[in-house]
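One structure below.
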Amino acid sequence: GEEFAMILPEIDAEAARKIAERCLRLIENLKIPHEASTISNFVTASMGVATITPAAESGAKAFIEAADKLLYKAKQNGCNRVEAASL
């Protein structure tokens, strides 16, 4: 699978989660065939959403790692879902 990031400045955790869920549904509604998948006949997405209030001790690397962990949690919990957390 492919991984990408969206940076949404000045968006709170709830709004970020809603945006991710909307993206997930838009991808789902495209019904792009995925013949090689054993999970779904169509392309699905799993998303990890992390939000952070910038501070001196917060770093980009830790933030990206947190989002990545949430992504893998979404995949482990059944794919085609959003997992979110605020740091």
Exercise. Which percent of the accessible area of the chain is formed by carbon and sulfur heavy atoms (probe 1.4 angstrom)?
Worked result: 55
Exercise. Tally Lys and Arg at +1 and Asp and Glu at -1 over the other residues with C-beta under 15 Å from the C-beta of R25: what net charge comes out?
Worked result: +3
Exercise. Taking K61 as the anchor, which aspartates and glutamates have their alpha carbon closer than 14 Å to its alpha carbon, excluding any fewer than eight residues away along the same chain?
Worked result: none
For this session: List the chymotrypsin sites (Phe, Trp or Tyr not before Pro) within the chain that fall in a DSSP loop (any state other than H, G, I, E or B) and whose Cβ has at most 13 other Cβ atoms within 10 Å.
Result: F4
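Given a 1.4 Å probe and heavy atoms of the protein chains only, how would you sort L30, L8, L71, largest accessible area at the top?
Values: L30 115, L8 65, L71 25 Å².
Descending order: L30, L8, L71.
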For this session: Would you calculate a helix-derived [θ] at 222 nm for the chain, using -39,500 (n - 2.57) for each DSSP H run of n ≥ 4 and dividing by the full residue count, to the nearest 500?
Result: -13500 deg cm²/dmol
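When only the heavy atoms of the protein chains count and the probe is 1.4 Å, how do D68, D12 rank by accessible area, highest first? Don't skip to the answer; put the middle values down first.
Values: D68 55, D12 95 Å².
Final ranking, largest accessible area leading: D12, D68.
Just the number please: accessible area per residue for the chain, 1.4 Å probe, all protein chains included, in Å².
Working: 6560 Å² over 87 residues.
Averaged over the residues of the chain, the accessible area is 75 Å².
The values are calculated or read from the model by the stated rules, or taken from the named source; none is laboratory data. Everything numeric here is computed off the predicted structure, so don't read it as measured data. Cβ atoms come from the backbone with ideal geometry, glycine included; neighbour counts cover every protein chain shown. Areas reflect the complete protein model, heavy atoms only, side chains present, ligands, DNA and RNA absent. Shrake-Rupley method; radii C 1.70, N 1.55, O 1.52, S 1.80 Å.
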